Amino acid sequence: MTKTAVIGLDCADPNLVFGELWNELPNLRSLAEVGTFGPLRSVVPPITVPAWMCMVTGKDPGELGIYGFRNRPDHSYGNVSFATSGMLRSEPVWQTFARAGNKRCIILNVPMTYPARSIQNGCMVSGFLAPSLKSQCTWPPGLKDELQQICPCYLFDTEGFRGPNKQKVLESVYSLTKEQFRFARHTANTRPWDFFMFVSIGPDRMHHTFWAHHDPTHPKHNPKSPFKNAIRNYYRYIDTEIGELLSLFPQNTRIVVVSDHGIQKMHGGFALNDWLIREGYLVLKKQPGDPTPLGNLISDDMVDWSKTIAWAWGGYTGKVFLNIKAREPQGFVPQGRMEQVLEKLKAKMQQIPGEDGESIKNECFEPQAIYNNTNNIAPDLLVHLGGLSRRVLGTVGNASLYMHENDTGPDDANHAMDGIFISNQPGPRPRSLLQIHDYLTNSL
C-alpha cells in the first residue's frame, strides 16, 4: 500500500498561502503543481478544538459532543470541562489505518491528543494542550526519553503567547517549529510507518500575534513595525522545514497538507454579556465595577437566575445558553417557550450593528439545525459576529459594548471559515474538512 503523510498547518489561510505568498513557498507549490489544491471549508465553530478532531474522524462537533476548548459537563451554571483526548468516542483516522491490516502509524502534535493514548503498532506525541514533558504526553511512555534526548528544548506551545513581548513570542514560535520538525524528521527516518501525521501550531501563533503588523488594512497596522515581515519570513522558513521533511518520504507517498481553518483581521471584541444585560436577558444582583469574567460572577453568586433568560461564553465563536426550567438548576424559561425565545434572540443578535452603526454580518446557529446529531451538552446558540471579524467577549462590566482589545490578552486576528488543502495526488479534492477522513482512508 502507498504510504500516506499528512502535514497540518494550524490556521493556514488560502488567501495567504495560495495568494500573497504562493510564489515564495516552493515546496508547497511543488506539491500542488503535480496534484491539486484549494480552500477547505471548516466546521462551526472554526477553532482548533474541535476542528482537528472533526477532520480526523469525519464527525461534526455535535456528533463528537465537543463544542470548543471549554464544554459544559452538566447543566449547572459554573462547571466547565476542558477538552482532552478522553472525550473522543469516535475513531480517528490513525486507528482506522491501524485496524486495516495493522498499518503502522506515527502521530505528532495533533491537537486534542493529550493525554497520549495507545496506538496499535504506532507512536504518538501529544498536541499543544500537553502541559509539559513531565505529563502523559507520549505513547509509548518511553518515547518521552527519546524525545528529550533528540530535542532537549522541545515545546508543545509558544511561550508568552498573548503576552506583550512580541520578540519573545517570535523566538518561541521559531524554537517550537524547529524542534517539532526535528523530531518529525527523526521519527519518519527511524521508525517504519504507513500513516504519518504531524501538525504545527506555529502558523496560528504567528497570525494571532503579528497579523496587525502584516496586514496593511488592519486598523492597528504600523507600516514601520519591526515585525512587518514576521509572518512572511516565518512562512518562508516553515516551507523549508516542510521541504526537508518531504525529502525523507518515499517517492510514491501520498502527501496531504491541510489546515483546520483560516485567518482574518480582528476589528475588536463585542461584550455580548453586557449586551444581554442591556436587553434584559441576563440579570445581575450587582454590577461589577471593572470588567469581570462572567464565570467569576457565577462563582460569587452574583447572577439572578430567577430572572435570567440567557448568558454567554466568549471566544472567536460565542456560545449562548438559555436558562431553561427543569433543565438548569434555577431555570427561568419554560421549555414550551424555548424556540420562541431562541428565535427572538437570534433576530436581535443578527441585527447587532458595528461600532459606527453600520450593518455587519452576524450569524446565529442552532446546533440541532447544523449538526447531524448533538451529543453531550451543546450551546443553545453559536454566534459569529461580523463574519467572524469580531471576537465575542465573555466579560461583564465593560465601559463599552465595543472593545478594541481581546479580553484574554493581545490578539490581532480572528479565525475564518476556509482553511487550505494541498495534495500531490491529482483528481477530485475534498471541499470540506469533514471529508478528509474518507479521502485519507479511501484506499484501505
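Does any residue in region 128-148 that is touching a residue at least 40 places away in the same chain (Cβ under 8 Å) and more than 18 Å from Ala188 (Cβ to Cβ) come within less than 6 Å, Cβ to Cβ, of a residue that is in a loop (DSSP other than H, G, I, E, B) and aromatic (Phe, Trp, Tyr) six or more places away or on a different chain, and which pairs are these?
Phe128/Phe156; Leu129/Tyr114
Out of Thr209, Thr187, Thr177, I need the residue that is of a type in the set (Ser, Thr, Tyr), in contact with a Lys or Arg (Cβ under 7 Å, 6 or more places away or on another chain), in the same structural domain as Ala51 (by TED's automatic domain parsing) and touching a residue at least 12 places away in the same chain (Cβ under 8 Å). Which one?
Going through Thr209, Thr187, Thr177 in turn, just one is of a type in the set (Ser, Thr, Tyr), in contact with a Lys or Arg (Cβ under 7 Å, 6 or more places away or on another chain), in the same structural domain as Ala51 (by TED's automatic domain parsing) and touching a residue at least 12 places away in the same chain (Cβ under 8 Å): Thr209.
Conditions (1) at pLDDT 95 or above; (2) of a type in the set (D, E, K, R); (3) in contact with a strand residue (DSSP E or B) (Cβ under 7 Å, 6 or more places away or on another chain), marked per residue:
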residue	(1), (2), (3)
Leu155	yes, no, no
Gln167	yes, no, no
Glu171	yes, yes, no
Thr187	yes, no, yes
Thr190	yes, no, no
Trp193	yes, no, yes
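Residue by residue, here is whether (1) farther than 30 Å from Glu339 by Cα; (2) assigned by TED's automatic domain parsing to the domain that holds Arg41; (3) more than 18 Å from the chain's Cα centre (by Cα) holds:
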position: Ser389; (1), (2), (3): no, no, no
position: Ala399; (1), (2), (3): yes, no, yes
position: Ser423; (1), (2), (3): yes, yes, yes
position: Pro430; (1), (2), (3): yes, yes, yes
position: Gln435; (1), (2), (3): yes, yes, no
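On the given criteria, is Gly394 at pLDDT below 95, touching a helix residue (DSSP H, G or I) at 6+ places or on another chain (Cβ under 8 Å) and not assigned by TED's automatic domain parsing to the domain that holds Asn252?
Numbers: at pLDDT below 95: yes; touching a helix residue (DSSP H, G or I) at 6+ places or on another chain (Cβ under 8 Å): yes; not assigned by TED's automatic domain parsing to the domain that holds Asn252: yes.
Yes: the conditions hold for Gly394.
Restricting attention to region 137-158, which residues are in contact with a helix residue (DSSP H, G or I) (Cβ under 9 Å, 6 or more places away or on another chain) and part of a loop (DSSP other than H, G, I, E, B)?
Within region 137-158, Cys137, Cys151, Pro152, Cys153, Tyr154, Leu155, Phe156, Asp157, Thr158 meet the criteria.
Please enumerate the residues belonging to region 35-93 that are surrounded by 17 or more Cβ atoms within 10 Å (Cβ to Cβ), more than 25 Å from Ala413 (Cα to Cα) and acidic (Asp, Glu).
Matches in region 35-93: Glu63 only.
State yes or no: is Gly331 over 24 Å from Gly78 (Cα atoms), touching a Lys or Arg at 6+ places or on another chain (Cβ under 6 Å) and either charged (D, E, K, R) or modelled with pLDDT of 95 or more (or both)?
Criteria not met by Gly331.
Every residue in region 14-55 that is in contact with a His (Cβ under 8 Å, 6 or more places away or on another chain), aliphatic (A, V, I, L, M) and within 21 Å of Asp215 (Cβ to Cβ), please.
Listed by number, the list holds a single entry, Ile47.
Looking only at region 15-38, decide whether some residue is on the phi > 0 side of the Ramachandran plot and in contact (Cβ under 8 Å) with a residue 60 or more places away in the chain. Let's see the steps before the verdict.
Taking region 15-38 as the starting set, the residues that turn out to be on the phi > 0 side of the Ramachandran plot are 38.
Still in the running and in contact (Cβ under 8 Å) with a residue 60 or more places away in the chain: 38.
Yes, region 15-38 contains a residue that is on the phi > 0 side of the Ramachandran plot and in contact (Cβ under 8 Å) with a residue 60 or more places away in the chain.
So which strands (runs of 3 or more DSSP E) are wholly in region 311-385 and hold at least 2 residues that are in the same structural domain as Asn406 (by TED's automatic domain parsing), touching an Asp or Glu at 6+ places or on another chain (Cβ under 6 Å) and buried (at least 18 other Cβ atoms within 10 Å of the Cβ)?
Result: 318-322.
Six or more apart or on different chains, Cβ under 9 Å: which pairs go from a residue in region 95-112 that's in the same structural domain as Pro50 (by TED's automatic domain parsing) and more than 19 Å from Cys137 (Cβ to Cβ) to one that's basic (Lys, Arg) and surrounded by 24 or more Cβ atoms within 10 Å (Cβ to Cβ)? Could you list them?
The qualifying pairs do not exist here.
Among the residues of region 169-186, is there at least one that is touching a helix residue (DSSP H, G or I) at 6+ places or on another chain (Cβ under 9 Å), closer than 26 Å to Val56 by Cα and polar (S, T, N, Q)?
Yes, that holds for at least one residue.
What are the residues in region 5-29 that are surrounded by fewer than 17 Cβ atoms within 10 Å (Cβ to Cβ) and hydrophobic (A, V, I, L, M, F, W, C), if any? Steps first, answer last, please.
Of the residues in region 5-29, the ones surrounded by fewer than 17 Cβ atoms within 10 Å (Cβ to Cβ) are 15, 19-20, 22-24, 26.
Answer for region 5-29, where residues must be surrounded by fewer than 17 Cβ atoms within 10 Å (Cβ to Cβ) and hydrophobic (A, V, I, L, M, F, W, C): just Trp22.
The values are calculated or read from the model by the stated rules, or taken from the named source; none is laboratory data. Quick caveat, the model's predicted, so the values are computed rather than measured. With ideal geometry, Cβ positions are generated from the backbone for all residues, glycine too; neighbour counts draw on all protein chains shown.
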